[in-house]
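Report on one structure; see the data block that follows.
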Amino acid sequence: MVTNITSFSRSGLSDWIIQRASAVVMALYTVFLVVYLLAHPQLDYATWSGLFEQTWMRIFSLLAFVSLAAHAWVGLWTVTTDYIKPTAIRVGTQSVIIIAIFVFLVWGIQVLWGA
Amino acid sequence: MSKLQVSLYRYNPETDSAPYMQEFEVDTQGRDLMVLNLLEMIKEDDSSVAFRRSCREGVCGSDGMNMNGKNGLACITPLSEVVKNNKLVLRPLPGLPVIRDLVVDMALFYKQYEKIQPYLQNDTPAPAIERLQSPEERDKLDGLYECILCACCSTSCPSFWWNPEKFVGPAGLLQSYRFLADSRDTATQERLSELEDPFSVFRCRGIMNCVAVCPKGLNPTRAIGKIREMLLANAT
Amino acid sequence: MSTMRSLTFDAIIIGGGGAGLRAALELAKSGKKTAVLSKVFPTRSHTVSAQGGITCAIASSDPNDDWRWHMYDTVKGGDYITDQDAAEYMCSEGPKAVFELEHMGLPFSRFDNGRIYQRPFGGQSKNFGEGGQAARTCAAADRTGHALLHTLYQNNLKNNTTFLNEWYAVDLVKNANGDVVGCIAMDIETGEVVHVKSKATVLATGGSGRIYASTTNALINTGDGIGMALRAGVPMQDMEMWQFHPTGIHGAGVLVTEGCRGEGGYLVNKDGERFMERYAPNAKDLAGRDVVARSMVMEILEGRGCGEDGDHVFLKLDHLGEEVLSKRLPGIVELAKTFAHVDPAKEPIPVVPTCHYMMGGIATNVHGQAIAQDADGNDQIINGLYACGEAACVSVHGANRLGGNSLLDLVVFGRAAGMYIESALNEGIEYLDARESDIETAMKRITRWNESEGGESVPELKRELQSIMQNSFGVFREEKNMVEGVEKLAELRGRIANAHLADKSHAFNTARVEALELDNLMEVAEATAIAALERKESRGAHSRYDYPDRDDANWLKHSMFFPGEKRVGQRDVNFAPKTVDKFEPKIRTY
């Protein structure tokens, strides 16, 4: 058993499932958006913002954002532990990544529910 | 018939500050020798060339090396299989420290093997005869127990290159599954709980270099998949 | 010498094959300070190449099987110079040792009822030769040696055995009383030479097939233990007895298991005739290995060999079908494709008798204690020295080993040596320490190589030695040729004593290891040659044109080769099993 405190869930199994589940959510979200865009060739701002007024769409989008955040953290954590061997630089990079993900997530929520 | 151009990785820690490639020309007289035979011919002329070898028939796992970019056993690799444009480049297995020439320090590799507790564990009293096992149960060990610990797989695995201390690697995981799959082993729970961290098993990214190079035709990636399935079934 | 580091153990086991690992396991469990010293990582030892199985009366294929029948086969197979107390011990203790292996995890193949799969092998019978062919060889497909060696290594890991891997034992160290008190060994990785002190030194160094040009043996089988013992003055028993395995792949020498014939394969000559029917009407292709090997050579000599040069015969397997081949003989299919370029499911494999096993070795009792002789020819235990496995001559194999008996020999006598050493250590052993001069004696050889400044190279001399042995001491032997061989070897010995080690570097210097191995090959070859010349009869694997018959009046004996005066004496064969009646010598037919 290799212990590690910076991984997302501290369990390889949970991380692995989270990465796969989040990938499915993101894929569904992407497919939905692509279909929606194809179905509305003359898409205007009113229709587009109307879509995001719907509660279900906001929940779906939030789910996709959270998935993206989790997916990114698991993936980038793996990349940093693979390639960045000096501990200080690795922890520093990981901190930057987690702050960025946090900022983007909060910002995303604000975009969805704000204004 | 022109002579075979062999480029050989050389490093002797006592005399060389850095490794270098040495060129040899070998007259194979058109014979399709095994790479090991070729190395022996070179060693007759230059006795300082160092490599491991034992059974010379692909069952002991001593002479794993990198031949024209691909890991394999020198004793069962005919020249016709690896030589390109009359040229052969021989290097030690990648990713492990080099002791001398083609001889690598396998300590890390063995450490990962030992970590998975590579021995049968059964907490029930042993019967007076053998423990019974049906042919179907025994069949599950085929493709697993045949591993010869040559390290061709683990040293071709990028995940093992990056984390040789933490990722068990394809060879160790194949053996781990060999005991998980054995109907006579009762330590399944303990074995699984040792493997669920983010590194031991989950550093496998399914690159499948291990499958491509295994000289015994084994499939560590499949075994790793089976371990993941067992972990999942166990935890949900 | 005072700068040399020393290591101290209760017991040091030299050799990490089946016998060494089994002995080590016993000692590790007992908590004694033990180490296994091996010139290769243990799973690279030659046991890994054993294919067909481990013969033992576990009564799986036949619930009425009896270890006494196995003992009878073993004694008959050895042409009656098998020590019957040893054969009795091996065959009766065998089932326990095999079940232990299974409990340790050895992945045996299975019958439908869940018991261990057993296949027929050569020389096996039921009811003391009266009940037809037996199937007594326990198998893990055709990779039994691999499965066995890995299982033993794994269980040594479990029991925290200390390993000195890639260390090379150079010579034994004897004290002023002649007791063996350890050895000189070299860490191959660094080249450091170390004095290993031990109350018990076990030689489990395996065979020495590399004295022949064509052999099924691994490149590492150079008789290191035999060489060390001979240089220490230990006599060797039955060294003329070398088994030629009927089925080595023509050209490559790679072994094809007897299990092929056990599963129903058979040999044919160039006319497609199943010729073993003529030589052994009952057992046919499953006669003793010596019988089959001689028959093959006869076919070849009489012009019925296969191939352009008529120098081999064919092993036919295609009639067994792909399923049997892939299930029971998968390794053979692989080897045949790699080394003979044939698919056994479609074409026969070209095979030729190939040097395979050394029946002789260090004479021991069933506890693994090495035996010398005093001036009156009585057995004399050598204090501190033990041997087991192929390096030892217990002698369960006599003049010809039966297939599947070597793996049983390894585990039974490895285990027995371990148990005996444990009890001896418990009772307390005190030997004199080695003096500085004793250590210097043991260092002589490696010092000689290290100081060599010119002379012939090792590979050339090795090739010459192998060709002498191949030409003069092969399947069939005769006086004139052997006398020549002995003379050539004597001359070669002088040249080897002046040979040159060009590379004197320290780190992983395999040239130095090969030079040291050459000395051992020389010792083994000489012992073989002189003993073969002396045994004036044909028995088991020792077959002479000039003395074609067995001579029980003069040679129902072990030969003993004494290295000091290069003399061959005799030692009585044991005819006193403890629980069964002895088997009287009979004419040996199959």
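For C:Lys504 and B:Met21, what does the FRET efficiency come to when R0 = 22 Å and r is the distance between their Cβ atoms, rounded to the nearest 0.05? Could the numbers behind the result be given before it?
Numbers: r = 24 Å, r/R0 = 1.10.
Between C:Lys504 and B:Met21 the formula returns 0.35.
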Spacing of the two label points (7 Å from each Cα toward its C-beta) at C:Asn450 and A:Phe60, in nm: 8.0 nm
FRET efficiency, 1/(1 + (r/R0)^6) with R0 25 Å, evaluated for A:Phe52 and A:Val103 via beta carbons: 0.75
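Taking other Cβ within 10 Å of each residue's Cβ, how do C:Glu93, C:Glu436, C:Glu258 sort, fewest first? It would help to have the intermediate numbers written out before the result.
Numbers: C:Glu93 19, C:Glu436 9, C:Glu258 28.
Ranking C:Glu93, C:Glu436, C:Glu258 by Cβ neighbours within 10 Å, fewest first, gives C:Glu436, C:Glu93, C:Glu258.
Partner chain Cβ atoms within 10 Å, averaged over the residues of C:98-110 - can you pull that number for me? Don't skip to the end; give the middle numbers.
On the way: counts 2, 6, 2, 1, 9, 8, 4, 13, 3, 12, 3, 6, 9.
Mean partner-chain Cβ count within 10 Å for C:98-110: 6.
Report D for chain B in µm² per second (integer): Stokes-Einstein, Kirkwood Rh on Cα pairs, 20 °C, 1.002 mPa s. Provide the component values of the computation, followed by the final result.
Working: Rh = 19.4 Å.
Once the numbers are plugged in, D ends up at 111 µm²/s.
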Whole-number percent relative contact order across chain C, with pairs defined as alpha carbons under 8 Å at least 6 apart: 22 percent
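Return the calculated 222 nm mean residue ellipticity for chain A, to the nearest 500 deg cm²/dmol, obtained by summing -39500 (n - 2.57) across DSSP H runs with n ≥ 4 and dividing by the residue count.
Values: 4 runs with 93 residues, N = 115.
That calculation yields -28500 deg cm²/dmol at 222 nm.
Using the Cβ atoms and a cut-off under 15 Å, what net charge is assigned to the surroundings of A:Trp16, where Lys and Arg are +1 and Asp and Glu are -1? It would help to have the intermediate numbers written out before the result.
On the way: positive: A:Arg10, A:Arg20, B:Arg203, B:Arg205, B:Lys226, B:Arg228; negative: A:Asp15, B:Glu196, B:Asp197, B:Glu229.
Summing Lys/Arg as +1 and Asp/Glu as -1 gives +2.
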Dipole of region C:242-395, positive end: most advanced residue of C:His245, C:Thr364, C:Asn378 [Cβ charges, Cα centre]: C:His245
Integer Hz, Karplus 6.51/-1.76/1.60 couplings in order for region C:379-388, x for Gly and Pro: 4, 9, 5, 8, 4, x, 10, 10, 8, 8
Span-like helix ranges in chain A, DSSP H, alpha carbon extent 15 angstrom or more, Kyte mean at least -1.0: A:12-39, A:55-83, A:87-113
Approximate shape of region C:37-97 as ellipsoid semi-axes (Cα gyration tensor, √5λ), whole Å, largest first: 26, 16, 11
B:Asn234 paired with C:Asp551, simple spin-label distance in nm, labels 7 Å along Cα-to-beta-carbon: 6.8 nm
Cβ-placed point charges (K, R +1; D, E -1), dipole of the protein assembly as shown about Cα centre in debye, nearest 20: 2120 debye
Estimated vicinal HN-Hα couplings, Hz - region C:419-434 in sequence order (Karplus 6.51, -1.76, 1.60; Gly, Pro = x): 5, 5, 5, 4, 5, 5, 5, 5, 6, x, 10, 10, 10, 4, 5, 6
Per-residue HN-Hα couplings for region C:364-374 [Karplus 6.51, -1.76, 1.60; θ = phi - 60°; Hz; x = Gly/Pro]: 9, 8, 5, 8, x, 6, 6, 10, 10, 10, 7
10 Å Cβ neighbours from other chains, averaged over peptide B:190-199: 5
Charged-residue dipole, Cβ positions (Lys, Arg, Asp, Glu), region B:62-207 about Cα centre, Debye nearest 20: 720 debye
Amide H partners (placed H, <5 Å) of C:Val573, local residues excluded: C:His558
For region C:225-314, size of Cβ-based charge dipole, Lys and Arg +1, Asp and Glu -1, in debye: 220 debye
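Every read-out reported here was derived from the displayed coordinates using simple, explicitly stated rules and does not represent laboratory data. Predicted, not measured: the structure shown is a model, and the values here were computed from it. Here Cβ is always computed from backbone atoms with ideal geometry, including for glycine, and neighbour counts include all displayed protein chains.
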